Amino acid sequence: MVPHRYLSELFSLDGLVAVVTGGSSGIGRAVCGALARAGAGVVLVARKEAELVAAAEELASEGCRTAWVSADLGTRDGVRAAAEQAAEVFGEPDILVNSAGINLRPPMGELGEDVWDATMAVNLEAPYLLGQRFGPGMAERGFGRIIHITSQQAHRAFVQSGAYGVSKGALESLARSQAEAWSPHGVTCNTLVPGFVMTPLNARLSSDPEMVAALAARTLVGRTGLADDFAGAAVFLAGRASGYITGQAIFVDGGFSVH
């Protein structure tokens, strides 16, 4: 077999459709780029229209099939509307990536119900609702990939994990429940666990040079993460090569979690 043909069969996403929340910035934007360049038609879902347009136009300029949907994922109606709009573009998705999140972390003693509710709505309920909308269809068609972006706080408490850590821990449990339900029908459900990545979501920490240096020193590869570090893992989990991997939390953290 010709090597490039073998690699294409393993990793190409040609003919597949992906919906990526949080696709306009940070890890979500990098994942969108990776999936689109691997051949998938990608629908970016996020709040800020200007950022969505910029991300989609960048990929379109490379010949990628992309579209965008501006949505409020903090309400059930907003999530449902976003799902229907996304499915109208290229058809029902084969790949769902939940990267959208909010990172509100007041001290636990000051954590109010408003922050709790807002965090759970975006970080946990939106992925659940999107899974309920798209997962059964994937199972009926015999192929699907669901990928959630979680956090170190899903596994350990530090820097005031608060409601954020709870939401990410629950998201990993959701992936296992989805895997139990749909993997017998060809749908894998996994999570990617970042280390410290310099994105807008981490602005509070990334604005502190001493903290950034300390986190880099704790990371075995000797640097903080980049959004593009997730490209290969995302393409792998989104394609056919990962068909026997499900219910897993895969750390893309430069060794942060084992130090």
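No lab work stands behind these numbers, since they all come straight from the coordinates. Since we're looking at a predicted model, the values are computed, not measured. Heads up, the Cβs are rebuilt from the backbone with ideal geometry, glycines too, and the neighbour counts pull from every protein chain shown.
Remarks
- Grouping the Cα pair distances of segment 98-157 into 5 Å bins from zero gives a pair-distance distribution of 4, 15, 21, 21, 16, 10, 7, 4, 2, 0 percent in increasing distance order.
- Just so you know, the Rg over Rh for segment 1-153 is 1.02, from Cα atoms, with Rh as the Kirkwood radius.
- Net +/- balance of residues flanking L73 in space, Cβ distance below 14 Å, scoring K and R +1, D and E -1: 0
- Helix 49-60 axis, angle to the chain major axis (alpha carbon atoms, nearest 10°): 40
- In degrees, nearest ten, helix 162-182 long axis to first principal axis of the chain (Cα): 30
- The Cα trace of the chain gives Rg and Dmax of 17.5, 61 Å, the first to one decimal, the second as a whole number.
- Here the extension length gained between R156 and R176 equals 5.4 nm, from 0.36 nm per residue of separation less the Cα-Cα distance.
- Here the spin labels are modelled as points 7 Å beyond Cα on the Cα-Cβ line, and at A50 and A241 they lie 3.8 nm apart.
- Distance histogram in 10 Å bins (all Cα pairs of segment 112-240, percent per bin): 12, 36, 33, 16, 3, 0
- Helix axis angle, 76-90 relative to the chain longest principal axis, alpha carbon, degrees: 30
- Length released on extending from A213 to A118, taking residue separation times 0.36 nm less the Cα-Cα span: 31.1 nm
- Gained length - H4 relative to A81, 0.36 nm times residue gap less alpha-carbon distance: 23.7 nm
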